[in-house]
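For reference, the structure discussed in these notes is given below.
The values are calculated or read from the model by the stated rules, or taken from the named source; none is laboratory data. These numbers come from a predicted model, not from an experiment. Here Cβ is always computed from backbone atoms with ideal geometry, including for glycine, and neighbour counts include all displayed protein chains. With ligands, DNA and RNA removed, areas are computed over all heavy atoms of the protein, side chains included. Shrake-Rupley method; radii C 1.70, N 1.55, O 1.52, S 1.80 Å.
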Amino acid sequence: MTSKRLTVFASGTGSNFIALHQSVQKGIIPAKITAFITDKPGCSARSYAKEHDITDYVLRPLDFDSYDAYVQKLLTVLEQESPDLILLAGYLKKIPDEVIRRYPKRILNIHPSLLPRYGGKGWYGHKVHHAVIENGDQESGCTIHFVTEVYDDGPIIAQRKVPVFPDDHPDTLAKRVLKEEHTLYTEVVKRLLEQD
Ligand code: GAR
């Protein structure tokens, strides 16, 4: 039995979260996803966590008296969960600096572009794919990086490229990139856990 623990943060559909969980279930990732954290109580990713008996937490600044109280709660939850890695999988809220400082090189993010292109505050999901097509780029892809205090700026761990076709629409490009995201995230998490 593995004792490595993963906490996943997501805000949306959760296809990366599902892919990671399936890799855990197949024994490809030597760890357990012990906690799921979201800022969107109604997101599909949370329903998946509930259906699969993964402890879920909704943590949003608006539910606390102050931003500091929210940060303290997040730190307490993480301390209890004691994750070896924290995986952002389509999580759209900024992770507070205090949390980032507490878990150096332990928080990973996946981004749907070849960073540093189309990265930083405001760049997420379909906005990225739309801009790639508008700009006539011939390739795009995804990046996994360590999370630092600056959005999408931490050290890059891995990237994977995909072609952009002349008749692409943001949806078709998103689908091609997501397919690579799913396999790349599993490979990176497996490698980091095995190195640990
Ligand atoms: C993914 O494409 C991920 O790279 C992106 O959101 C999507 C989430 O999809 N993340 C960002 O844009 C972060 N800046 P999913 O909910 O199906 O995993």
Just to be sure I understand the filter: pairs with C-beta atoms under 8 Å, separated by 6 or more residues or on different chains, first member in the range 1-17 and over 17 Å from ARG191 (Cβ atoms), second member more than 6 Å from the ligand (Cβ to nearest atom) and at pLDDT below 95. Which pairs pass? SER11/LEU92; SER11/LYS93; GLY12/LEU92
Can you find a residue that is of a type outside the set (A, V, I, L, M) and within 16 Å of the ligand (Cβ to nearest atom) anywhere in the range 97-110? yes
Does TYR124 satisfy the criteria of being near the ligand (Cβ under 10 Å from one of its atoms), among the hydroxyl-bearing types (Ser, Thr, Tyr) and over 23 Å from LYS4 (Cβ atoms)? yes
In the range 159-174, is there at least one residue being under 25 Å from VAL71 (Cβ atoms) and open to solvent by 30 Å² or more (accessible area, probe 1.4 Å)? no
Here the residues within the range 12-32 that are more than 16 Å from the ligand (Cβ to nearest atom) and in a helix (DSSP H, G or I) are GLN25
GLY120 is checked against (1) modelled with pLDDT under 95; (2) open to solvent by 30 Å² or more (accessible area, probe 1.4 Å); (3) farther than 23 Å from THR186 by Cα and fails just one. What number does that condition carry? (2)
Within the range 66-88, which residues are more than 18 Å from ASP56 (Cβ to Cβ), of a type outside the set (A, V, I, L, M, F, W, C) and free of Cβ contacts under 8 Å to residues at least 60 places away in the same chain? SER66, TYR67, ASP68, GLN72
Could you please find all residues in the range 104-129 being without any contact (Cβ under 8 Å) to a residue 12 or more places away in the chain and on the phi > 0 side of the Ramachandran plot? GLY122
If only one of LEU115, LEU87 is at pLDDT 95 or above, crowded, with 17+ Cβ neighbours inside 10 Å and in contact with an Asp or Glu (Cβ under 7 Å, 6 or more places away or on another chain), which one is it? LEU115
